[in-house]
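Asks: This is the structure, below, for whatever I ask next.
The values are calculated or read from the model by the stated rules, or taken from the named source; none is laboratory data. It should be emphasised that the depicted structure is a prediction, and the values quoted were computed from it without experimental measurement. Don't worry about glycine lacking a Cβ; one is built from the backbone with ideal geometry, like all the others, and counts go over all protein chains shown.
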Amino acid sequence: MRASLVRIGNSKGIRIPKAILEQCNITDEVNLEIKDNKIIIEPVNSPRKGWDEAFKKMAKNGDDKLLDMPESNWDEEEWEWK
C-alpha cells in the first residue's frame, strides 16, 4: 500500500486507514523504531493490562494464596523494628 506524506506543522505524517489500525490493535499511542533504514510502527503494549481482572478472578477462586510460605517466624519473633 502506498501513502502520501502530509504536512503537519513543521513535520510530515501519514494517514493510516482505520482498518489497518484495528488490525494492528493501534489506538492512541504507538512505538516508533528505526531498523535497517525502515520505520517500524507498533502498538504500545500494556504489560499489566488485564491484571486487575485476573487478580479479582484469582481471589474469587481462592487461587491467590502465597505458594512459598516461610518455614520460620523469624520476621515476627526475632526482628526488631527501631
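Asks: Given the criterion of a type in the set (A, V, I, L, M), touching a Leu at 6+ places or on another chain (Cβ under 8 Å) and surrounded by 10 or more Cβ atoms within 10 Å (Cβ to Cβ), identify the matching residue among 26, 20, 39, 14.
Replies: Working: 26 fails: touching a Leu at 6+ places or on another chain (Cβ under 8 Å); 20 fails: touching a Leu at 6+ places or on another chain (Cβ under 8 Å); 39 fails: surrounded by 10 or more Cβ atoms within 10 Å (Cβ to Cβ).
Unique residue meeting the criteria: 14.
Asks: Something else now. Please find, within segment 1-19, the residue that is modelled with the lowest pLDDT out of those that are of a type in the set (A, V, I, L, M, F, W, C) and closer than 16 Å to residue 39 by Cα. Explain how you work it out, then say what you get.
Replies: Within segment 1-19, the subset of a type in the set (A, V, I, L, M, F, W, C) is 1, 3, 5-6, 8, 14, 16, 19.
Now restrict to residues that are closer than 16 Å to residue 39 by Cα: 1, 3, 5, 14, 16.
Numbers: 1: 85, 3: 90, 5: 95, 14: 94, 16: 93.
Here the answer is 1.
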